[in-house]
Amino acid sequence: MRNWFGASGVCINEENKLLMVLQGKPEEVKKWSVPSGGLEEKESFAECCRREVSEETGFIVETGDKLQVKKGENKEIGITFEVHYFLVGIFGGERMMQDPDHLIYDIDWESIDELKELDLSFPEDRDFLIDCIERFRAGEGLHLRS
């Protein structure tokens, strides 16, 4: 089995909406996810997170707290995976699809109510992402580093 490592950025704006991308291969049904992607050689998980958010959304971000590490395996395609999720804050750039893999079809900010209804690439993340928004809104336990 092949090992895959990656990172995801969880970005919540002042309206308590989550930054998400609509993604998929050309032949696939497009689904929503937080910006994420694979670790490149000699790259830290935080560096991977910042690069992926920038590539997929155009925003320049700083990483804050590591929110979770999701590990598992997909026997269907023969991989194990480890994805590090970081809270991120935007400090530059502008909304722009510039994904070098050409897998991003839209960028949007989604509310909790919208998130409950979206077709997600990783539906197992739904409750975790809703919890992040609720904790961020309440000012509990989510921090960007200064």
| Verdict on ASP125 being modelled with pLDDT under 90 and within 14 Å of the chain's Cα centre (by Cα) | no
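So that you can scan it fast, the table gives a plain yes or no per residue for (1) closer than 19 Å to ASN16 by Cα; (2) surrounded by 18 or more Cβ atoms within 10 Å (Cβ to Cβ); (3) without any contact (Cβ under 8 Å) to a residue 60 or more places away in the chain:
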position: PHE59; (1), (2), (3): yes, yes, yes
position: ASP65; (1), (2), (3): yes, no, no
position: LYS70; (1), (2), (3): no, no, yes
position: VAL83; (1), (2), (3): no, yes, no
position: PHE86; (1), (2), (3): yes, yes, no
position: GLN98; (1), (2), (3): no, no, yes
position: ILE104; (1), (2), (3): no, yes, no
position: ILE112; (1), (2), (3): yes, no, no
position: PHE122; (1), (2), (3): no, no, no
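Tell me the residue from GLN68, GLN98 that is of a type in the set (S, T, N, Q) and over 25 Å from GLY139 (Cα atoms), please.
Details: GLN68 fails: over 25 Å from GLY139 (Cα atoms).
That would be GLN98, the only listed residue that is of a type in the set (S, T, N, Q) and over 25 Å from GLY139 (Cα atoms).
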| task | Go through (1) buried (at least 17 other Cβ atoms within 10 Å of the Cβ); (2) hydrophobic (A, V, I, L, M, F, W, C); (3) farther than 21 Å from LEU120 by Cα and name the single condition VAL21 misses. | result | (3)
| note | Among the residues of region 23-52, the number that are farther than 14 Å from SER8 by Cα and among the aliphatic types (A, V, I, L, M) is 1
| If you take the residues of region 130-144 that are of a type outside the set (Lys, Arg) and out of contact with any helix residue (DSSP H, G or I) (no Cβ under 9 Å at 6 or more places or on another chain), which of them is nearest to GLY58 (Cα to Cα)? | LEU144
| said: I'm checking my understanding of the structure. Among residues of region 72-81 that are assigned to a strand (DSSP E or B) and closer than 22 Å to TRP32 by Cβ, which one is modelled with the lowest pLDDT? | reply: ASN74
| task | Name every residue in region 9-36 that is farther than 13 Å from ILE133 by Cα and either without any contact (Cβ under 8 Å) to a residue 40 or more places away in the chain or not in a strand (DSSP E or B) (or both), in order of residue number. | result | GLY24, LYS25, PRO26, GLU27, GLU28, VAL29, LYS30, PRO35
| query | Listed residues VAL61, VAL69, VAL53; which is under 18 Å from GLY89 (Cα atoms), modelled with pLDDT of 95 or more and either over 13 Å from the mean Cα position of the chain (by Cα) or assigned to a strand (DSSP E or B) (or both)? | reply | VAL61
| Does GLY89 satisfy being within 19 Å of LEU67 (Cβ to Cβ), over 16 Å from the mean Cα position of the chain (by Cα) and either at pLDDT 95 or above or not in a helix (DSSP H, G or I) (or both)? | no
| query | How many residues does region 99-129 hold that are in contact with a helix residue (DSSP H, G or I) (Cβ under 8 Å, 6 or more places away or on another chain) and outside any loop (DSSP other than H, G, I, E, B)? | reply | 8
| note | Those residues of region 24-54 which are surrounded by 14 or more Cβ atoms within 10 Å (Cβ to Cβ), within 22 Å of TYR105 (Cβ to Cβ) and among the aliphatic types (A, V, I, L, M) amount to VAL34, VAL53
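The values are calculated or read from the model by the stated rules, or taken from the named source; none is laboratory data. The shown structure was predicted, so the numbers you read here are calculated from the model rather than taken from an experiment. Methodologically, a virtual Cβ is constructed for each residue, glycine included, from the backbone with ideal geometry; neighbour enumeration extends over all protein chains shown.
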